[in-house]
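Read the structure below first, then the notes.
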Amino acid sequence: MMKYQSFIGLEVHIHLLTKSKAFCSCRAAFGDEPNSNVCPVCMGYPGVLPALNGEAMRMGAVVARALNCTLSPKTWFERKQYFYPDMPKNYQISQFASPLGVDGWVDIPAGGGGPASSAAGTATKRIRIKECHLEEDAGKMIHAGNVSLVDYNRAGTSLLEIVTEPDFETGAEAECYVQQLRRTVRYLGVCDGNMEEGSLRCDANVSVNLRGQGLGSKVEIKNLNSSRFVRLGLDYEIERQVALVEKGGMVRQETRLWNENRDQTETMRVKESSNDYRFFPEPDLPPFSADAGFISSVEAGLVELPFDRERRVGSEFGLSREQVTIVCEERAFADYFEAAVAEAERLGMDKKVAAERVAIWMTGELKRVMNRDGLGAADVGALKVTGARLAAIVALVASGRISGKIARQLFDAALVEEAEPADIVAARGWELVVDPARIAAAVEEAIAAEPSAFSGAAAATAGGDVGKARTLSAFLVGKAIGASGGKAEPGLVKAAVEARVTAAATAL
C-alpha cells in the first residue's frame with residue numbers, strides 16, 4: 001500500500017451557448033473585435049440594473065440534471081467582492097448559498113484509463129458532484145512585454161461552474177473526467193467545449209496526506225486549459241507535495257499556476273477563503289423560483305448521454321468497441337449513424353449487417369474526407385452525403401447493383417453533387433450487369449479469347465490440382481468482367497466460369 005494518499009477536487013467552468021450575456025443583452029461570442037460587445041451593465045457603470053438571462057438558467061439546470069444533481073427549488077445571486085482587473089465593477093455576480101443544483105454524481109472508468117467502454121461490466125468509479133452554480137465570467141487580460149491590455153467582451157458571459165468533491169486520486173482520473181464532461185456538454189448542446197478558446201476551463205484543488213489521515217493542506221492550480229495539462233499539472237503537484245512533506249516541510253495553502261513551458265506549477269498568490277470574498281445577496285436581482293414550466297423545459301433538454309449511448313449502440317447493433325467509440329464520438333455523428341442504419345433497413349437490409357457496413361464507411365471513407373476537409377465529427381451535417389444517401393450506397397453494394405470499387409467512386413461523386421446515389425449510378429451507367437444471358441456471353445467471350453487458360457483450368461480441376469484450377473479460373477473471371485466493360489457482377493461471373501470449367505472437366 002502506498003504511504004501517501006492524494007485528494008483532488010475539480011472546478012470546471014463552462015461557457016453556456018447563450019446568444020447574450022448572463023445579465024445584459026450584449027452579444028456573447030468568441031473572436032469579435034475587442035471591447036465591441038460591451039454596455040454599461042457589463043462594464044459596471046453606476047446606476048445600472050442587471051437582468052437575468054433565463055436561457056442561461058435553463059442550460060445550467062440541464063447540465064445539473066445530466067450530472068444527477070437535485071435542482072434547487074429557489075435560488076438567488078450574491079456579489080463576490082474581489083479586485084478583478086478584467087471586471088471593472090470589481091465584484092462578480094455568482095451563486096454561493098443557493099447553487100442551481102447540488103448533490104450529483106458521475107461515473108468514470110476506474111483508474112481513469114481512457115474513455116468509458118461500451119462493454120458491459122466495465123469497472124467504474126463514482127465521482128460526487130458537490131454543486132453546479134451560475135455566474136458571470138470576467139474579461140480577458142493580454143500581456144505583451146511591459147504592456148497589459150484588457151478585452152471586456154467576455155466580461156458578463158454566462159458561466160456554469162461544476163464543483164466536485166475531492167474524489168479523484170490521480171491526474172489520469174481527473175483527465176478522464178474532464179474529457180467525459182466535455183463530451184457531455186457537447187451532447188447536450190449547451191457548450192462547444194473548446195478549451196483552447198477558454199469556453200471550458202478547469203481549476204484543481206489538490207492535497208496529500210498520510211493514507212488514512214484525511215485531507216491535507218489544499219493547493220489550487222489554475223491555468224489548466226487542456227485535459228492533458230490537468231493530468232500533468234496534478235501529477236506534478238502531487239509529487240511536489242509528497243517530496244515537501246518527506247523533507248519535513250509543510251504545504252502552504254496557496255494558488256499556483258501551471259507553467260506549460262516548464263511543466264511545473266508555480267506560486268501565484270496566497271489562497272483566499274470564502275470569507276475574503278465578503279459575499280452578500282445581489283440587491284438588484286430577485287430570487288429565482290423553478291416553476292413547473294421551467295422544470296419541464298429542463299427535462300425536455302436532456303438527451304441520451306455519450307457513454308449511455310455507447311453501451312446501447314454496442315449492444316443493439318453489435319459493433320466492435322473501436323467502432324462504437326468513433327461512431328458515438330459526437331451526438332451529430334451518432335445521429336447520422338442511426339439514421340443511416342434505419343434507412344438501410346427500410347431498403348431491405350438486415351439491421352446488424354447494415355450497421356456493420358455503415359460503421360465501416362463512417363470510420364473509413366467518411367472520416368478520411370472529413371479529416372481532409374478539416375471537419376470534426378460534429379460537422380457531419382455539412383456533407384452532401386447524408387445518412388440516407390450513405391445508406392443508399394451501402395444498399396446498392398449489398399444488392400449487387402454496384403461493386404465496391406464503383407461504390408467509392410459513387411461516394412466521391414455524391415460528395416459534390418446534389419443528387420441521389422441511384423440517380424448518379426443510372427446517369428453514369430455504373431450499375432452492374434446481372435442478366436444471366438449477358439453474363440454467359442461475357443464468359444464465352446473470355447473463354448474464346450483465352451482457350452489455353454480454359455483448358456488448363458478444366459484439366460487442373462479434373463486432376464485435383466485445386467490451386468492451379470483456382471488461379472486460372474480467377475484469370476478467366478477477370479477477362480469476362482473486362483469483356484463486359486467492367487460492369488458484370490463479379491459473383492455471378494465467378495459462378496458462371498466455375499460451372500463451365502466443371503462441365504469441361506467432367507467431359508475429360
Between a first residue in the stretch 81-104 that is within 21 Å of residue 288 (Cβ to Cβ) and not assigned by TED's automatic domain parsing to the domain that holds residue 164 and a second residue that is of a type outside the set (Gly, Ala, Ser) and surrounded by fewer than 20 Cβ atoms within 10 Å (Cβ to Cβ), which pairs have beta carbons less than 7 Å apart while being 6 or more apart in sequence or on different chains?
-> none
Note: among 448, 469, 474, 495, just one is hydrophobic (A, V, I, L, M, F, W, C) and either in the same structural domain as residue 406 (by TED's automatic domain parsing) or in contact with a helix residue (DSSP H, G or I) (Cβ under 6 Å, 6 or more places away or on another chain) (or both), namely 469
Tell me, which strands (runs of 3 or more DSSP E) wholly within the stretch 126-175 include 1 or more residues that are closer than 18 Å to residue 195 by Cα and among the hydrophobic types (A, V, I, L, M, F, W, C)?
-> 140-144, 158-164
May I ask you to list the residues in the stretch 151-188 that are surrounded by fewer than 20 Cβ atoms within 10 Å (Cβ to Cβ) and closer than 20 Å to residue 31 by Cβ?
-> 151
Options 449, 378, 459; residue that is among the hydrophobic types (A, V, I, L, M, F, W, C), surrounded by fewer than 18 Cβ atoms within 10 Å (Cβ to Cβ) and touching a residue at least 60 places away in the same chain (Cβ under 8 Å) = 378
Test for residue 46: is it modelled with pLDDT under 95, surrounded by fewer than 16 Cβ atoms within 10 Å (Cβ to Cβ), touching a Ser or Thr at 6+ places or on another chain (Cβ under 9 Å) and not aliphatic (A, V, I, L, M) | no
Would you be able to say whether some residue in the stretch 426-433 is among the small types (Gly, Ala, Ser), part of a helix (DSSP H, G or I) and touching a helix residue (DSSP H, G or I) at 6+ places or on another chain (Cβ under 7 Å)?
-> no
Return yes or no: is residue 208 of a type outside the set (Lys, Arg) and either outside any strand (DSSP E or B) or closer than 30 Å to residue 55 by Cβ (or both)?
-> no
If you check residue 210 against the conditions, is it of a type in the set (A, V, I, L, M) and either closer than 18 Å to residue 175 by Cβ or surrounded by 13 or more Cβ atoms within 10 Å (Cβ to Cβ) (or both)?
-> no
Of (1) charged (D, E, K, R); (2) under 29 Å from residue 269 (Cβ atoms); (3) modelled with pLDDT under 95, residue 3 fails just (2)
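The values are calculated or read from the model by the stated rules, or taken from the named source; none is laboratory data. Every value quoted in this text rests on a predicted model; they were computed, and no experiment measured them. Virtual Cβ from ideal backbone geometry, glycine too; neighbours counted across all protein chains shown.
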